[in-house]
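Only the coordinates and a few stated rules stand behind these numbers; no lab work does. Because the structure is predicted, anything quoted here is derived from the model rather than measured. Don't worry about glycine lacking a Cβ; one is built from the backbone with ideal geometry, like all the others, and counts go over all protein chains shown.
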Amino acid sequence: MKLGLYPKLAWDGIRKNRRLYVPYLLTCGGMIMMFYIIHYLAAMEALKGMSGGATVGQMLGMGVWIVALFALMFLFYSNSFLMRRRKREFGLYNILGMGKGNLSLVLLWENLLVFLISMLGGLAGGIALSKLAELGLARVLGGWTGYSLSVNWEAVKDTLLIFGCIFCLILLKNLVQIRWLSPVALLKQESAGEKPPKANYLLGLGGVLLLGWAYYIAISIQSPLAALGWFFIAVGMVIVATYLIFISGSVMLCRILQKNSRYYYKKNHFVSVSSMAYRMKRNGAGLASICILSTMVLVMILGSGSLYFGAEDSLRSRYPKEINLSAYFVSENEDAAYSDEDAWAILQEVQDVAGQYGVTPENARHYISVGVTGLLRDGTLTLDYQDVDAFGEEMNWVCQVYFLPLEDYNRCMGTAETLEADEALIHCIRRSYEDDSITTANGTTWRVKKQVKEMVGSGDASMDVIPSVFLVVKDLNRAMEAVNRELAEIGEEYLTHPELDYGFDTGLPAEEQIALCDAIRLQLWNREVPAEGGFCPKYVECREEERSDFYGTYAGIFFLGILLSMVFLFATVLIIYYKQVTEGYEDESRYGIMRKVGMTREDIRKSVNSQMLTVFLLPIATAALHLGFAFPMVRMLLMLFNLRNTGLMLAVAAVTVLIFGLFYALVYKLTANAYCSIVSGRKDG
């Protein structure tokens, strides 16, 4: 047999099955294009000079491998649609005299042609659009880049290597399938699995229970740190449960519809429901895949969009004032105690520097606090928390506790609260507290007199990944002694110490604020602490100095979220299309019989619409349900980024679901037309 015959047969196979291969080629090219673009952006030199560019570069670097892993799984999945349709053709070749070796060569050439076409198209599209993506990224980061088009040859090499390996694995899988199937089995593969399926109630019940468990985890977690630990576990549970429910539940749905004689025995429903019932195992898997991909898109846009549009809220939460500084008390004498004079000494130096810039601090606030990390549960504060399981229930109770003196609280908040020595005011961030007292492990107790709704702003509390609890007490030294005594008992080397937080506004332009911050930083870093004790600077921060990096990082997350969502949308569209086309070929003979007994094209259209309405809403409705139960966990995770604007998150979620729902309806409508053209007997164009 001439070697030139194999590429010809391979090309004819692709050409004659172009209804299947064109979307596959477009998706392969799209995956390659997205991989190259993200790789190009992660490595571009201009990114390093942009605000937040280093962080965005790291995220894009992770995005490269996310796309590669997803491409591996999805191209394997979508290739199975092609092979199912082609096995009958290969079985016919086998019967006509072509051996398995000859068929392997045809497959080799087909795979090579698909690889070359998709690689050339994907790289061409990636190179052409990489500059547009670079300009878009520079725009959201507030940076600048040139307009000259360049090619990242390292990205080209990695793209060829990664996708070359993926296509080799796909070829190997196809060769193994062809090798072990007989000619008769190949001929029957397209119609295999046509036995009436049975509803597996055990699998369905397992899926419901697993999904309920995942939902419970999502809505019951109270700590952002615990949410971070459980998130991917809950995601895995939802994916498995969705497949189990769709595969078994879809069969049950068809059985229920068939038993409803008033619904089933109508020409609009009879053919569509009976055909669905015979293939619901695969149909359920396809619907589950659509649902999971849709959920990924919704969650990704919800998270990244909320961060992007809530960046100002997060910035002001992290930096309550235009200038913020923190200092901690140090002394050569371990028994030395701080005094108000020590605090005023460092505050005076800051005010002197501000005076040199003609600034009188506005909205100033300063306070002393003592902070410690521990477990706060059932009214008891335990500082020995090192052995807490990251996935255990105790993680919900880990928090950062700040003790503040009543005098400082009243001065900063403009209140006139009073306390006894054993009383405290309490304020919680990212958690709640219902007990009426707090007791340390060594027996020091404060009765909770009042839950206050507002607390003096703390950048450290906003930055912490764990919840924060503020306790306003009458005697700060009593609290510090109780905490340090317990730390000593559990063998901690470093004891806690008082910290001074000071913040104020200036009313200066951004550049002058930054200059003032630099001057304060220089003054405090050169400050000599008296031997008897004083405050040593911990950090000096300017909101405007951090703004560009802050916005740049969040914009980069949003940009990456959009790019990855596009990858998942590629996959969603292809699965919907293949689902419609393959089912169209499977139903073609059934509708052909119905046409012969008088069923018109209009009747076919109504029957198809009935089938679409039966299954159309299931994936998107379930995805919206997943998003609803995932919202509390996503909200907890966004708190790690200092975003607590629940109204904004709900608005982003609503808009995301609406836009994606419209896109989903459009795609389903267009692909339904392909199904109708097949089952109504029109020629494949």
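Things worth noting here:
- Contact order normalised by residue count of region 320-543, Cα under 8 Å, 6+ apart, percent: 40 percent
- Remark: spin-label model distance E511-R411 equals 3.6 nm, labels positioned 7 Å along the Cα→Cβ axis.
- Measuring between alpha carbons in the structure, the pairs from K474/K538; K131/K669; K8/K131; K131/K321 lying more than 28 angstrom apart are K131/K669; K8/K131; K131/K321.
- Here L171, L650, L137 are placed in order of increasing Cβ neighbour count within 10 Å, fewest first, which gives L650, L171, L137.
- Measuring r between the beta carbons of E454 and R478 and using R0 = 25 Å, the FRET efficiency lands at 0.55.
- Net charge of the neighbourhood of L650, taken over other residues with C-beta under 13 Å away and scored Lys/Arg +1, Asp/Glu -1, is +2.
- Relative packing of 410-422, 290-302, which averages over residues the other C-beta atoms within 10 Å, highest first: 290-302, 410-422
- Modelled FRET efficiency - R0 30 Å, V208 with I659, Cβ distances, 0.05 increments: 0.50
- In this structure, the amide hydrogen of E541, modeled 1.01 Å from its nitrogen in the peptide plane, lies closer than 5 angstrom to those of N324, L325, counting only residues at least 5 positions away or on a different chain.
- Global form of region 320-543, assessed from the alpha-carbon gyration tensor, a/c cut-off 1.5: prolate
- Straightening the chain between V330 and I490 buys 55.3 nm, computed as 0.36 nm per residue apart minus the Cα-Cα spacing.
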